[in-house]
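I have placed the structure first, in the form of structure tokens, so that the comments after it can refer back to it.
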Amino acid sequence: MTGKFITFEGPEGGGKSTHIKLLADFLRSKGKEVLVTREPGGTRLAELIRSLVREELEDPPVTQSEVLLFLAARAQVVSNVIRPALEKGVWVLCDRFSDSTFAYQGYGRGVEVDLLRRLNDFATQGLVPDMTVLLDVPPEVSRSRLLARQADTNSTADRIEQAGEDFHRRLREGFLAMAKDEPQRFTVVDSSKELEDVSKNIEEAVLKLL
Ligand code: T5A
């Protein structure tokens, strides 16, 4: 028996972490064993890569290195965490996955998306989510949520969050374009709505997989 693999994608502040927790509780209440992980991250090596790509370094990664770092993190978590869990029948919920690379490094940074897809296939050994929830928010909502969170936690924007307005507009358009191309895999949810409404929309979509 194999579990289902559900990924959450979208611009920063779309509510991915918030809704993954809510969906995990919902699925557990339906008797499913659930594993929650995130990208980059989910293994020791991948968490180290996560700090490298987000930190303000003296020599920040050039675009090619940035791509390879995200893919190296993905290869680790797929091989060591996601595949073994799916093979045991566990449902895996992942905060970001391949579509983030296509949106951020492809549409955002301008790397050819076909090249990214080939490299990504190597990293994931062809693993594709059963369902991808795209939590869509306009840049102004994304920005105001991030500012509110920074004020609450006394933190500052990371290297990628600091990329300009145009970058964030392009990556949102990229996510929406990918969702249009693969409507059977993507569920697009307007995450600027009230939290409870967003959560209901996600549960309704996921019920079809149960
Ligand atoms: N990246 C990642 C790449 O460039 N390429 C890649 O291949 C990959 C995998 C990851 C960074 O790496 C980049 C993308 C990212 O820049 P991250 O910390 O994982 O860094 O960043 P995000 O994924 O963007 O996570 P965030 O924590 O910023 O956003 P979330 O998880 O989408 O949002 P969440 O749940 O923390 O919510 C943000 C705030 O909004 C509120 C929440 O309470 C919270 O305060 N909120 C709502 N408020 C009102 N109404 C709603 N409906 C709300 N939903 C959430």
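The values are calculated or read from the model by the stated rules, or taken from the named source; none is laboratory data. Note that the coordinates shown come from a computational prediction; the quantities given were computed from them, not determined experimentally. Because the Cβ atoms are built from the backbone with ideal geometry, glycine has one as well, and the counts that use them run over all protein chains shown. Just so you know, the surface numbers come from the protein's heavy atoms only, side chains and all, with ligands and any DNA or RNA stripped out. Shrake-Rupley method; radii C 1.70, N 1.55, O 1.52, S 1.80 Å.
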Selection from the range 44-61 of residues among the charged types (D, E, K, R) and touching a residue at least 40 places away in the same chain (Cβ under 8 Å) yields Arg54, Glu55, Glu56
Filter result (buried (at least 19 other Cβ atoms within 10 Å of the Cβ) and acidic (Asp, Glu)) within the range 13-40:
Glu39
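So that you can scan it fast, the table gives a plain yes or no per residue for (1) of a type in the set (A, V, I, L, M); (2) touching a Leu at 6+ places or on another chain (Cβ under 6 Å); (3) modelled with pLDDT of 95 or more; (4) within 15 Å of Lys200 (Cα to Cα):
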| site | (1), (2), (3), (4) |
| --- | --- |
| Thr2 | no, yes, no, no |
| Thr7 | no, no, yes, no |
| Leu35 | yes, no, yes, no |
| Leu52 | yes, no, no, no |
Test Val81 against the criterion of being away from the ligand (no atom under 12 Å from the Cβ) and open to solvent by less than 70 Å² (accessible area, probe 1.4 Å), and give yes or no.
yes
Within the range 139-159, does at least one residue satisfy the condition of being open to solvent by less than 30 Å² (accessible area, probe 1.4 Å), away from the ligand (no atom under 13 Å from the Cβ) and either of a type outside the set (Phe, Trp, Tyr) or in contact with a Leu (Cβ under 7 Å, 6 or more places away or on another chain) (or both)?
no
Looking at the range 98-108, can you tell me whether even one residue there is more than 10 Å from the ligand (Cβ to nearest atom) and among the β-branched types (Val, Ile, Thr)?
no
Can you pull out the residues in the range 1-29 that are in a helix (DSSP H, G or I), within 16 Å of the ligand (Cβ to nearest atom) and of a type in the set (Gly, Ala, Ser)?
Ser17, Ala24
Kindly check whether there is at least one residue in the range 116-126 that is in contact (Cβ under 8 Å) with a residue 12 or more places away in the chain, out of contact with any Ser or Thr (no Cβ under 6 Å at 6 or more places or on another chain) and not in a helix (DSSP H, G or I).
yes
Does Asp114 qualify as being closer than 28 Å to Val206 by Cα, open to solvent by 50 Å² or more (accessible area, probe 1.4 Å), more than 10 Å from the ligand (Cβ to nearest atom) and more than 16 Å from the chain's Cα centre (by Cα)?
no
Answer residue from the range 97-111, given it is assigned to a loop (DSSP other than H, G, I, E, B) and in contact with a helix residue (DSSP H, G or I) (Cβ under 7 Å, 6 or more places away or on another chain) and is most open to solvent (accessible area, probe 1.4 Å) among those:
Arg109
